[in-house]
Amino acid sequence: MSKKTDFYTPYKGPAGGWGALQSTTSHWLKSDNAVRNINTLLKTNQPHGFDCPGCAWGEKHDPSKIRFCENGAKAVNWEATSRKVDAAFMAEHSVSWLNTQSDYFLEYQGRLTEPMRYNQATDHYEAISWEQAFNHIADTLKSQANPDKVAFYTSGRASNEAAFLYQLFARAYGTNNFPDCSNMCHEASGYALISSIGIGKGTVEIEDFERTDAVFVFGQNPGTNHPRMLETLKEVVQRGGQILTFNTLKERGLERFQNPQNPIEMLTNGSKPTNTGYFCPKIGGDMAVVRGMVKVLIDLEEKAQQQGTAIFDHAFIEQHTQGLETYLEQVKNTSWDAIIEQSGLTKDEIIDAATVYAKADSAIVTWAMGITQHHHSVPTIHEMVNLLALRGNLGKPGAGACPVRGHSNVQGDRTMGINEHPSQAFLDALGKRFDFTPPQEHGLAVVDTIHAMRDGDIDVFIALGGNFAAATPDSHATADALRNCKLTVQISTKLNRSHLITGKDALILPCLGRTDIDHQEKGQQKVTVEDSFSMIHASGGVLEPLSKEQKSEPAIIAGMAAATLGNFPIDWHAAVADYNIIRDYIADVVPGFENFNQRILQDGGFYLGNSARERKWTTPAGKAICHTHVLPESILPKRARGLLTNKTLIMQTLRSHDQYNTTIYGMNDRYRGIKGERKVVFINPADLQRLGFTEGQTVTLRSLWDDEVERKVSGFKLVPYSIPAGNIAAYYPETNPLVPLDSRGEFSDTPTSKSIAIEMEAFEDSTIHLNAV
Ligand SMILES: Nc1nc2c(c(=O)[nH]1)N[C@H]1C(S)=C(S)[C@@H](COP(=O)(O)OP(=O)(O)OC[C@H]3O[C@@H](n4cnc5c(=O)[nH]c(N)nc54)[C@H](O)[C@@H]3O)O[C@H]1N2
Ligand SMILES: Nc1nc2c(c(=O)[nH]1)N[C@H]1C(S)=C(S)[C@@H](COP(=O)(O)OP(=O)(O)OC[C@H]3O[C@@H](n4cnc5c(=O)[nH]c(N)nc54)[C@H](O)[C@@H]3O)O[C@H]1N2
Ligand SMILES: [Mo]
């Protein structure tokens with residue numbers, strides 16, 4: 001599509017083969033830890049090793065297989081580095097100076113190895129003892145007149161044990177303010193699934209992929225973000241099943257795939273196509289695609305009925321669903337013109353996709369951020385559920401809904417009660433078990449937390465992992481919000497932007513990661529996690545920690561809680577001496593965790609169960625509810641719609657191959673052919689010409705929103721790419737200053753990171769612009 005430039009060379013190799021392993025090796029060497037790491041890697045996702053901190057894709061239990069992927073290897077290796085960020089490092093570098101450095105630089109400095117407090121007078125972090133740190137947090141929390149002036153953020157790597165203790169601490173203290181990464185991630189999936197099938201999790205197990213006839217992959221880039229999923233998809237194709245991909249970009253990993261664990265393929269550098277159909281809808285066009293497919297199914301059903309057969313599963317519809325009739329009426333009333341215009345696909349393409357669906361006895365729909373980060377994400381997922389329901393593809397072998405989660409334990413954290421709007425049943429169980437009344441008012445999610453910090457309604461911000469300053473939308477607004485806090489506390493493994501954009505007072509509490517051995521009073525501890533398929537399994541580190549001053553997440557939470565609450569409502573220190581005690585608490589409170597400590601001894605862990613999979617619908621109607629939405633007039637929120645011109649483009653923000661969310665491991669994006677550069681904009685060649693720009697030209701991007709704020713980023717280079725006209729793509733987090741804080745999903749409140757109205761202008765300034773906010 002585009003010619004080679006100094007930073008762009010089209011990638012010709014397959015995804016996941018030799019190229020992948022070469023890249024892994026160079027990451028190994030860079031982390032200064034090569035020997036330790038080989039040993040570490042071999043224990044990833046093994047029965048007695050640790051759960052890969054990379055992604056939440058599940059694993060079939062098979063001890064004979066070594067399971068790792070290139071990007072899991074990167075995550076492991078960078079965590080297992082022997083470089084240190086300690087008080088000596090901080091004495092050398094001021095916070096203001098560090099804040100002018102790139103995210104890549106910050107990550108590269110190594111592991112945080114001692115607790116530190118920010119000194120505003122000197123602009124440096126300084127060493128502080130753990131006891132002083134805990135007491136300082138306790139004093140600040142106790143001096144708050146209202147516990148709702150504190151927010152407890154969670155990122156999805158936290159273990160079940162850490163998450164359970166954390167929510168118990170916050171609720172015993174008195175708040176439900178639990179902003180968490182899933183508010184920016186799969187919130188729409190949870191909301192849409194609970195409101196339709198009664199449970200906010202996927203209904204498939206990994207074994208369903210072994211018997212499904214067709215998998216529909218929407219808005220997802222597994223070659224980079226869930227590489228082990230590619231192996232599963234490949235097996236589907238080898239069995240003769242179909243993989244239909246819907247992605248605005250031609251993603252290499254989905255186009256061609258070579259399994260790095262298959263030596264013959266690696267030797268020949270051959271690769272077989274994994275997908276049997278690749279569709280490129282416009283950004284936000286998926287709801288229209290699915291609606292079009294259902295329109296075709298209605299026709300097919302009419303024809304089938306004339307012949308005395310059926311396409312729809314009438315028995316299922318009759319017995320298990322509510323609302324389909326109204327929905328089908330709505331579909332009939334939606335014109336093909338509207339569907340074609342919004343989807344960006346041709347009618348023939350939609351007919352093809354629908355025909356595959358109609359022929360499949362069982363079908364799975366998977367999706368990720370290309371679906372969940374829009375204004376109309378919840379309606380889109382409802383539409384997908386309706387598609388599944390029409391042919392009884394819910395609670396049937398080889399079929400179901402499969403939101404593919406991001407962070408390795410983001411699903412588990414929710415199960416443990418990290419939820420700003422917890423169910424009454426959860427609160428009641430918690431209160432009953434620990435003999436206190438948890439706060440009943442719902443708390444704040446991410447976007448509302450940022451507003452509250454700006455307005456002075458949140459004074460203290462505590463983060464269990466993650467990188468709030470960089471991951472959230474509207475970076476300047478978020479920075480103002482964080483700086484307005486009295487105290488910000490970061491429990492982290494690695495240095496990041498959130499340690500540099502702080503409250504007036506700030507603490508860094510260094511913690512152990514998945515790879516580290518966790519020694520406590522009663523011996524070496526394991527933690528547990530839940531994958532995308534609701535499998536719970538144990539994870540234990542394999543490396544001696546870099547520093548004695550690093551504490552486990554449960555130990556840090558217990559330290560803060562004991563200093564703040566004493567022995568209320570539990571003996572915190574006793575719980576941390578032996579995590580079996582925490583798991584016994586979980587077993588008492590969370591349904592499905594009975595005999596938790598016995599069940600995690602099983603190799604491969606245990607299945608938490610899923611009511612919808614058993615066709616039990618825990619909805620008010622006792623049936624799967626098929627929601628009816630009109631196709632949105634525009635995929636943009638109302639506040640952007642009035643400002644559009646013929647120069648407006650719609651931008652999605654996405655991940656490169658060399659990053660883990662806000663963690664930047666390298667400057668390349670191999671499968672998309674980008675080298676040594678992150679400030680790029682992928683654009684359709686016709687738009688390039690129409691708007692009068694040239695390939696490689698440097699531009700400023702400005703987003704459209706009806707307020708007085710100027711949101712722009714500069715110095716981005718244009719790369720002609722296979723993307724629908726009118727759409728562009730660029731990497732996150734560099735583009736987060738463009739996402740207006742109030743541009744959020746309907747029902748989900750998720751920042752609309754995949755649909756932002758943008759205009760571009762030439763950028764002439766040649767000074768280097770760094771990442772600092
Ligand atoms: N190596 C690595 N692994 C990761 C992560 C990481 O950063 N690095 N992050 C983890 C996390 S937290 C998450 S949530 C997941 C994210 O996993 P993904 O959802 O795969 O992540 P994104 O890079 O945001 O990719 C979105 C994909 O959707 C496509 N897309 C964008 N908009 C649309 C649309 O409107 N319609 C359609 N059909 N397609 C669209 C994009 O082209 C892209 O291929 O990965 C997890 N795993
Ligand atoms: N524009 C745009 N914005 C987005 C997205 C997008 O696609 N586009 N995606 C959104 C999504 S899907 C997500 S999930 C969020 C991610 O938001 P976050 O989860 O907040 O961000 P991460 O970058 O994953 O956090 C990385 C930091 O976590 C810390 N860390 C790593 N491992 C551990 C650990 O084991 N324990 C502890 N305590 N800390 C650890 C390290 O210090 C590291 O720097 O970003 C969201 N923001
Ligand atoms: Mo995510």
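The values are calculated or read from the model by the stated rules, or taken from the named source; none is laboratory data. Every value quoted in this text rests on a predicted model; they were computed, and no experiment measured them. As a convention, Cβ positions derive from the backbone with ideal geometry for all residues, glycine included, and neighbour counts pool all protein chains shown. Ligands, DNA and RNA are excluded from the accessible area calculation, which covers all protein heavy atoms including side chains. Shrake-Rupley method; radii C 1.70, N 1.55, O 1.52, S 1.80 Å.
Percent relative contact order of the chain, based on C-alpha pairs within less than 8 angstrom and at least six residues apart? Don't jump to the answer; show the numbers that get you there.
On the way: 1727 pairs, mean separation 163.7, N = 773.
With pairs under 8 Å counted, the relative contact order is 21 percent.
How far, in nm, would the chain grow between residue 646 and residue 100 when pulled straight, counting 0.36 nm per residue and subtracting the alpha carbon separation? If you can, show how the numbers build up before the last one.
On the way: separation 546, 0.36 × 546 = 196.56 nm, distance 3.61 nm.
That works out to 193.0 nm of additional length.
With the other protein chains left in place, how much accessible area per residue, in square angstrom, belongs to the chain at a 1.4 angstrom probe? Please report the intermediate quantities before stating the final value.
Working: 27170 Å² over 773 residues.
Heavy-atom SASA per residue in the chain reads 35 Å².
So what are the ³J(HN,Hα) numbers for segment 497-512, from phi and the Karplus equation (6.51, -1.76, 1.60; θ = phi - 60°), rounded to whole Hz, Gly and Pro as x?
Taking θ as phi minus 60°, the curve returns 3, 6, 8, 10, 10, 10, x, 4, 10, 8, 10, 10, 10, x, 10, 6 Hz for segment 497-512.
Under a no-solvent Debye model with one identical scatterer per Cα of segment 559-701, what's log10 I(q)/I(0) at q = 0.15 Å⁻¹?
-0.98
Can you tell me the FRET efficiency between residue 618 and residue 359 if r is taken as the Cβ-Cβ distance and R0 is 22 Å, rounded to the nearest 0.05?
Values: r = 32 Å, r/R0 = 1.45.
After rounding, the FRET efficiency stands at 0.10.
Give the relative contact order (percent, whole number) for segment 188-404; include only Cα pairs under 8 Å separated by 6+ residues. Let's see the in-between values first.
Values: 366 pairs, mean separation 70.1, N = 217.
Across segment 188-404, relative contact order equals 32 percent.
What fraction of the DSSP beta bridges in the chain is antiparallel, stated in percent and rounded to the nearest 5?
On the way: 37 of 88 bridges.
Roughly 40 percent of the DSSP beta bridges within the chain come out antiparallel.
Report the local net charge at residue 636: Lys and Arg +1, Asp and Glu -1, summed over other residues whose C-beta lies under 14 Å from its C-beta. List each step's numbers first, then the result.
Details: positive: 282, 638, 639, 641, 744, 754; negative: 633, 706, 742, 746, 759.
Result for the neighbourhood of residue 636: +1.
How much net charge surrounds residue 307 when only the other residues with a Cβ under 14 Å from the Cβ of residue 307 are counted, with Lys and Arg +1 and Asp and Glu -1? Don't skip to the end; give the middle numbers.
Details: positive: 303; negative: 299, 301, 302.
Around residue 307, the surrounding residues sum to -2.
Taking amide hydrogens as modeled 1.01 Å from N in the peptide plane, which residues meet the under 5 Å criterion relative to residue 494, leaving out close sequence neighbours?
Hits under the 5 Å cutoff: 112.
Which percent of the accessible heavy-atom area of the chain goes to carbon and sulfur, probe 1.4 angstrom? Walk me through the intermediate numbers first.
Details: 13770 of 27170 Å².
In the chain, the share of accessible area belonging to carbon and sulfur is 51 percent.
Report, please, the projected area of segment 664-773 averaged over directions, based on the convex hull of its C-alpha atoms, in nm². Provide the component values of the computation, followed by the final result.
Details: hull surface 32.8 nm².
If you wrap the Cα atoms of segment 664-773 in a convex hull and average its projections, you get 8.2 nm².
Calculate the FRET efficiency for residue 442 and residue 480 from the Cβ-Cβ distance with a Förster distance of 30 Å, rounded to the nearest 0.05.
Details: r = 25 Å, r/R0 = 0.84.
FRET efficiency, residue 442 to residue 480: 0.75.
With the Cα gyration tensor of segment 443-491 giving a ≥ b ≥ c as the square roots of its eigenvalues, does the rule (a/c under 1.5 for rounded; else a/b larger than b/c for prolate; else oblate) give rounded, prolate or oblate?
On the way: a/c = 1.32, a/b = 1.08, b/c = 1.22.
Rounded.
For the chain, what size does the Cα cloud have along each of its three principal axes, sorted from largest down, in whole Å?
Projected onto its principal axes, the Cα set of the chain covers 77, 62, 56 Å.
Round to the nearest 10 and report in Å² the accessible area of residue 441, as given by a 1.4 Å probe over the protein chains' heavy atoms.
140
Provide the three semi-axes, in whole Å and in decreasing order, of the ellipsoid equivalent to segment 188-404 as defined by the square roots of 5 times the Cα gyration tensor eigenvalues. Could you put the intermediate results ahead of the total?
Working: eigenvalues 156, 68, 61 Å².
Each semi-axis is √(5λ); the values are 28, 19, 18 Å.
So what are the ³J(HN,Hα) numbers for segment 408-413, from phi and the Karplus equation (6.51, -1.76, 1.60; θ = phi - 60°), rounded to whole Hz, Gly and Pro as x?
Here the 3J(HN,Hα) series is 4, 10, 5, 5, x, 4 Hz.
Amide H of residue 505: which non-local residues (sequence gap of 5 or more, or other chain) have their own amide H closer than 5 Å, using H built in the peptide plane?
Under 5 Å from the amide H of residue 505: 487, 488.
For segment 209-256, what are the per-bin percents of Cα-Cα distances with bins 10 Å wide, up to the bin holding the maximum?
28, 59, 13
Which whole-Hz couplings ³J(HN,Hα) result when phi for each residue of segment 481-495 is put into the Karplus expression 6.51 cos²θ - 1.76 cosθ + 1.60, θ = phi - 60°, listed in order with x for Gly and Pro?
Rounded to whole hertz, the list is 4, 5, 5, 7, 7, 6, 9, 10, 10, 10, 9, 9, 9, 10, 5.
Net charge near residue 440, counting Lys/Arg +1 and Asp/Glu -1 over other residues with Cβ under 11 Å of its Cβ?
Numbers: positive: 171; negative: 428, 441.
With Lys, Arg at +1 and Asp, Glu at -1, the neighbours total -1.
Straight-line reach from residue 60: which lysines have Cα under 20 Å away, leaving out those fewer than 8 places along the same chain?
43, 201, 234, 396
Report relative contact order for segment 638-762 in percent, whole number only (criteria: Cα-Cα under 8 Å, sequence separation at least 6).
Numbers: 237 pairs, mean separation 45.6, N = 125.
Result for segment 638-762 is 37 percent.
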